[in-house]
Amino acid sequence: MIQLDNLTKVFDTPKGAVTAADNISMEVPAGEICILLGPSGCGKTTTLKMINRIIRPSSGKVFINGEDTTGLDTQDLRRNIGYVIQQIGLFPNMTIEDNISVVPRLLGWDKTRYRERAREHMDMIALDPDAFLKRYPSELSGGQQQRIGVARALAADPPVMLMDEPFGAIDPINRAVIQDEFLKMQQELKKTIMFVSHDIDEAIKMGDSVAVFREGKLVQYSTPDDLLAAPQNDFVESFLGEDRALKRLNLVRVREVVSDDIGTVSPGDTLETALARIDDYGYQNAILVVNDKRQPVGLISRALARTTKGFCRDHLQNVSATVSLDDDLRKVASLMFAQDITWLPCVDAKGRVCGQITQRAMTHHLGSRFRPGTTDASSSHVATEE
Amino acid sequence: MPIQSLKGGFRLLVLVAIFFAGVWTQSSGVIGDFLFYLPDVQFLAVQHLWLTVLSGGLAIVVAIPLGVVLSRPSMARVAESLMQILNIGTTIPTLAVLALSMSFLGIGTVPAVFGLFVATLLPIARNTYAGLKGVSPALMEAAAGIGMSPAQRLFRVELPNALYVIFAGIRTALTINIGTVPLAFLIGAGGLGELIFTGIDLYDPVMMLSGAIPTALLAIVVDALIALIAFLVVPRGVNPSRA
Ligand SMILES: Nc1ncnc2c1ncn2[C@@H]1O[C@H](COP(=O)(O)OP(=O)(O)O)[C@@H](O)[C@H]1O
Ligand SMILES: [Mg+2]
C-alpha cells in the first residue's frame, strides 16, 4: 500500500516559486496499479519522485505499507522500491545480466541466487536468456531495453514499484504488446504500482485506479470506469476526450452485459416452430440454431420461416459472428457495426452458446452509469479533498 | 576507379622511395654512424622512460582523484572556475614550467619530474572531469533511484562510463609527456634530449636524429600501449573501439 499525505513540492526557480505538487493525498491499495494521468507539466513526475526521494518533498508524508518513510534511510528505502525511469537508463557499461542483478547485488544476495533470478526474469519479460543475458544495452532495440528496465526494477522483488512513462519510448504496436505482457505479469506478482502516463488509453487499460492531475493538484481519483462515466469537472471531461463513452467499451467485458435468456431452435425443429419461437421471444430478424452440444450451427431468418415449410436443418443461414464472455464491448460494437446487426450470440470457452448480447443492453449498461458532468463523490475510488 | 588507382600508384611510389633511401643509407655508411650511438640511446631511452613513468604515474594518481572531486555535485560552484584556471595553466609553455620548477627545486631529476608532472596533470584532470560530467543524468537518476550509495554510483556507473574519455586524456597526456621529456635535459635530468640538444649544438645531424627518432618511436609505442590497455579495460558496452 502506498499512501500520500498532503505531499507538497515547491521549487524555487529564478522566476519565483513553482508549486509542482500541491497537497496531494491519496492511497493506492496493495496489489493495485494506480495511474497518475495528466497533461505535461502537471506534476505527475514530481509526485512520483517524492515517493523514493529523488525529489525531496517540501512538506507532507509518504507511507508505504503503513510505515512512515520519513525516518527510513534513503538507500534502504529505494532498494525496496522498484524504479523504472522514463529514459530507461540501463547502465551501458554492464551486460544485461549485470543490469538486472544490480539491486540483488546491492542487497548482498549470493551469486547463484541472483543469476537464477535474472534468468527467471528474462523468461517473464519474454526474452531468451541465452540470447540476451551476455549482451550490452546498446545491442538491444528500444522495446527490448524497456523490458529490461522493467526486469531490473522487479529483480529484487520489491513490493512497490514506481514507473514513469515506462512504455513511452516504444512504437504503438510494441507498446500494446508490452502492456499486455506487463498486465499478465502483474496478475501473478501483485505489486503495488504507481505508474505515470499522459496517455488516457494507457491509463484506462493499465489502471485499477486513475489519478488525474492538473497544475499540481489532484483533481479526480477514481476507477477508470468511474472516471469515464462521471468526470468531476470540465477539465477532466475535456482531457478524457469526446469519445469517452466509446473508451468505456474497452473496460466492460461481455460477461457483465450478457443475457442468458436466449431462444434457440435445433436443426430437427420445423420452420413453424422456429417462427413461433421468434414471435415468443420478440426477435426482429432471426433465431439461432444450435446442435445437441449447444454449439451454433446457423440462423433461421423470420422472413424465411414465414414463407417456407420444412425443417430448420435444410434452410440454415450462416452465423456471421459470435463473441466470447471475456471479449470487451469494443470488439462487440465493432462486429455489430461491421455486420449491421443488433445482437450477437455469446459462447463459452467450449464454444457452447450461453447467451446473447444486444446493442440495447450495451447502451443501457453504459448509460446507467453515465453521468455527464456530475460531481458524485460516491463514485470516486477514494474521495479526495481539493 | 581513378581514385583507387591513384592511391595504388602513390603506394608504389612510396615503396620505391623507401627502397632507394635504404640503398643510399647503406652505401653512405649512415647506418654505421647511427650504430655508434646505440649504447647511448639504450641508456638514455631508459632514463627517458623513467622520467615519463615517474611524472606520468604521479600525474595519473593525482589527476584522476582531482577530476573526481571536482565533478562532485557539491563542488559544482568552484569546479568550473577551477577548471578555467587549470585551462590557463595548460597554455604556459612547458619550458617555462621547467624553468620555474628549476628555480625552486634546483637541477636534476626532481625538478624535471615536477615540471613534467604539472604539464601532464592538466589533460588527465580535464578529461576525467569532462568524462564524469558527461555521464547522462538519466543514468545517474537510475543509479540513485535503485538505491546505490554515492560511492557505488561513482565506481559502478560513473567511472566505467567515463573511462573511455579518461583513457583518451591519459593517452594525450603521456604522448605529450614523452615528447617533452627531452627538455628535461636542459635542467640536468638526462634522457634522449641529451643526444638531441648536443647534436644540435655540435651540428651533428646523426647524433640529433639518434635522439629524436627513438623519442618519436617511444611516443608511438606508448600511445599504442595505452590504446591497447583502454581496449582491454573499458567495458565493451561503452567502448567505441569494440562496438
Ligand atoms: N527541478 C525543477 N526545478 C524547477 N521546476 C521544476 C523542476 N522539476 C519540475 N519543475 C516544474 O514542476 C512542474 C511539474 O513538473 P513535472 O512533475 O515534471 O510534470 P509532469 O511529469 O506531469 O510532466 C512543471 O511546471 C515543471 O516545470
Ligand atoms: Mg514527467
Failed condition for A:Q339, given (1) under 26 Å from the mean Cα position of the chain (by Cα); (2) modelled with pLDDT under 90: (1)
Pair list, Cβ < 7 Å and 6+ apart or interchain, from segment A:147-173 residues that are farther than 18 Å from A:K44 by Cβ to residues that are charged (D, E, K, R): A:A155/A:R117; A:A156/A:R79; A:P159/A:K191
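Within segment A:241-259, is even one residue touching a residue at least 40 places away in the same chain (Cβ under 8 Å), under 30 Å from A:K9 (Cβ atoms) and more than 16 Å from ligand 1 (Cβ to nearest atom)?
Taking segment A:241-259 and keeping what is touching a residue at least 40 places away in the same chain (Cβ under 8 Å), we get A:241, A:245-259.
From what is left, the residues that are under 30 Å from A:K9 (Cβ atoms) are A:241.
Those still in the list that are more than 16 Å from ligand 1 (Cβ to nearest atom) too: A:241.
Looking for residues that are touching a residue at least 40 places away in the same chain (Cβ under 8 Å), under 30 Å from A:K9 (Cβ atoms) and more than 16 Å from ligand 1 (Cβ to nearest atom), one finds at least one in segment A:241-259, hence yes.
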Matching residues, segment A:56-79, being touching a residue at least 40 places away in the same chain (Cβ under 8 Å) and facing chain B (nearest Cβ under 8 Å): A:R79
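Out of segment A:189-234, which residues are among the acidic types (D, E) and under 19 Å from A:R175 (Cα atoms)?
Of everything in segment A:189-234, those that are among the acidic types (D, E) and under 19 Å from A:R175 (Cα atoms) turn out to be A:D199, A:D201, A:E202, A:D208.
Out of the helices (runs of 4 or more DSSP H) lying entirely within segment A:1-117, which hold 1 or more residues that are near ligand 1 (Cβ under 10 Å from one of its atoms)? Don't jump to the end; show me each part of the working.
Details: elements: A:44-51, A:74-79, A:96-106.
Result: A:44-51.
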One residue from A:V10, A:V18 being over 22 Å from A:R79 (Cα atoms), among the β-branched types (V, I, T) and in contact (Cβ under 8 Å) with a residue 40 or more places away in the chain: A:V10
Segments classed as helices (runs of 4 or more DSSP H), wholly inside segment B:136-214, with at least 2 members that are more than 14 Å from chain A (Cβ to nearest Cβ) and not polar (S, T, N, Q): B:159-184, B:193-201
Test: residue in segment A:217-225 that is away from ligand 1 (no atom under 16 Å from the Cβ), in a strand (DSSP E or B), of a type in the set (V, I, T) and modelled with pLDDT of 95 or more: no
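Considering only residues that are of a type in the set (F, W, Y) and crowded, with 19+ Cβ neighbours inside 10 Å, which ones fall in segment A:34-85? So that I can check it myself, show each step before the final result.
Keep residues of segment A:34-85 that are of a type in the set (F, W, Y), which gives A:63, A:83.
Hit for segment A:34-85 is A:Y83, nothing else.
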Every pair of residues 6+ apart whose Cβ atoms lie under 7 Å, when the first sits in segment A:186-202 and is within 14 Å of chain B (Cβ to nearest Cβ) while the second is away from ligand 1 (no atom under 14 Å from the Cβ): A:M194/A:I2; A:M194/A:V28; A:M194/A:C34
Breaking point among (1) in contact with a strand residue (DSSP E or B) (Cβ under 7 Å, 6 or more places away or on another chain); (2) farther than 16 Å from A:E32 by Cβ; (3) within 12 Å of another protein chain (Cβ to nearest Cβ), for A:E165: (3)
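The values are calculated or read from the model by the stated rules, or taken from the named source; none is laboratory data. In this text, all values refer to a predicted model and were calculated from it rather than measured experimentally. Virtual Cβ from ideal backbone geometry, glycine too; neighbours counted across all protein chains shown.
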